[in-house]
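Every number in this text was worked out from the coordinates using simple rules, so none of it is lab data. Computed from a predicted structure; not experimentally measured. Positions of Cβ are generated from backbone atoms using ideal geometry, with glycine treated the same way; all protein chains shown enter the neighbour counts.
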Amino acid sequence: MKNIVILGATGSIGDSTLSVVDLHPDKFNIFALSAHTNWQKMQALCEKYHPKFVVMTEEKSANKLQQSLTQSQASNCAVLSGEEALCGLAAHAETDFVMAAIVGAAGMASSLAAAKAGKRIMLANKESLVLAGDLFMQAVRDNNAELIPVDSEHSAIFQCLQNGQTGLSKIQLTASGGPFLHTPIEQLKTITPNEACAHPNWSMGRKISVDSATMMNKGLEVIEAHYLFNLPAENIEVVIHPQSIVHSSVYYQDGSTLSQLGNPDMRTVIAYALSYPDRMTSGVAPLDLAGNSPLEFYTPDLDKFACLRLAFEALKQGGSAMGTLNAANEVAVEHFLNNKIGFLEIAKIVERTLNTVQHTYITSLEAIVTNDKIARETAQRIINA
């Protein structure tokens, strides 16, 4: 029986993880859960799974959850709050596996804590590698942690590379192209948040849905792939594949290409991360290639999807540039979702922030936090100008 900690339990990855765990009650125990503010949903999870610990990163939400659980007497779990509590549970002696699914930079510290504690990290928080890739991978190596990617694309590459990287020439990440694949760039000026969040294939939170629409999400995945598979930007490629059936491919020097295929459902990669190196039931229907529409592939338009171009540029620049990219994007997306800037302004704000913030080489977690703060303040000033 493995003790599971789900960081970001009330989001879509949390939902999918719990769905897989439900199929295997003899193998997994929900040891701890975390969320930011959704204490009502967390209460329902506490009453169903009876975790030993719960963390609400917002103190007010933790207090509301504690009061509600006390009144219902349905669960006697300990309710904690704050980032320090998150890190403590990620590194807890009784924790076996950590699902790192907190969105954005907020998930970095707890993911790093799990790495330093030598846990199996099921990484759905790509920002941990975007911001702290060198430090994170060093912590994984130094502490014999297991790092299993949960992004569908990186899981696909991870699966294809199980026999090693001998003869590998490049990896190719697939991208759905989001809801605006065939929308002319001039029409993107008037796109609303709800339109940007209407992803054709995946059910995701609003922030990551906007990132998919701008293709920043794919750009962050390129950076993540660089660290996971120790490859330079020149050996990482992106191809648009609207059907989201081929999740990614690896190319070899002898002309061979290996791809991982499956229905677009995160439960597949979550089940693989939980059961690795074995496989187990995920609840996902098997792929019916004959019953699917034809599979299409396109080269991404880097003028239309400028965020993808900026991510490649930040990766090639290295150092703090990737953290600056992520911070500026988080600020810009938040303003877009609040109807304060237009859709096309997101990439412009990110680019101006990258060109403004001084580049540094990252040597500590403190340096990452400082750069993140400076980049956010810079992006905010650009928006306010």
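Using a Gaussian network model of the chain with C-alpha springs under 10 Å, which one of 163, 194, 144 is most mobile by mean-square fluctuation? In the Gaussian network model the winner is 163. Note on the range 2-149: dipole from Cβ charges, positive end direction compared against 32, 103, 73; the farthest Cα belongs to 73.
Among residues other than residue 5 with Cβ under 11 Å from its Cβ, the summed charge is +2 (Lys and Arg +1, Asp and Glu -1).
Expressed as a fraction of 2.2 N^0.38 Å, the C-alpha radius of gyration for the range 210-303 is 1.21.
Computed from the alpha carbon positions, the gyration tensor of the range 118-208 leads to an equivalent ellipsoid with semi-axes of 33, 17, 12 Å, biggest first. Ranked by the mean number of other Cβ atoms within 10 Å of their residues, highest first, the peptides 366-377, 241-252, 127-138 fall in the order 127-138, 241-252, 366-377. Distant-in-sequence amide contacts of residue 265, defined by a placed amide H-H separation under 5 Å and a gap of 5 or more residues or a different chain, comprise nothing. Rounded to the nearest 20, the Cβ-based charge dipole of the chain about its Cα centre (Lys and Arg +1, Asp and Glu -1) stands at 520 debye.
Computed about its Cα centre, the charge dipole of the range 31-175 is approximately 200 debye, with only Lys, Arg, Asp and Glu carrying charge at their Cβ. Cross-linked pairs 27/116; 207/373; 64/189: Cα-Cα separations exceed 29 Å for 64/189.
Among the listed options (1) 27.4; (2) 23.8; (3) 21.3, the one matching Kirkwood radius over Cα pairs in Å as calculated from these coordinates is (3). Phi-derived couplings, Karplus 6.51 cos²θ - 1.76 cosθ + 1.60 at θ = phi - 60°, listed residue by residue for the range 322-331: 5, x, 4, 4, 5, 5, 4, 5, 4, 5 Hz, with x used for Gly and Pro. Along its three principal directions, the equivalent ellipsoid of the range 2-149 from the Cα gyration tensor extends over semi-axes of 25, 16, 13 Å, largest first.
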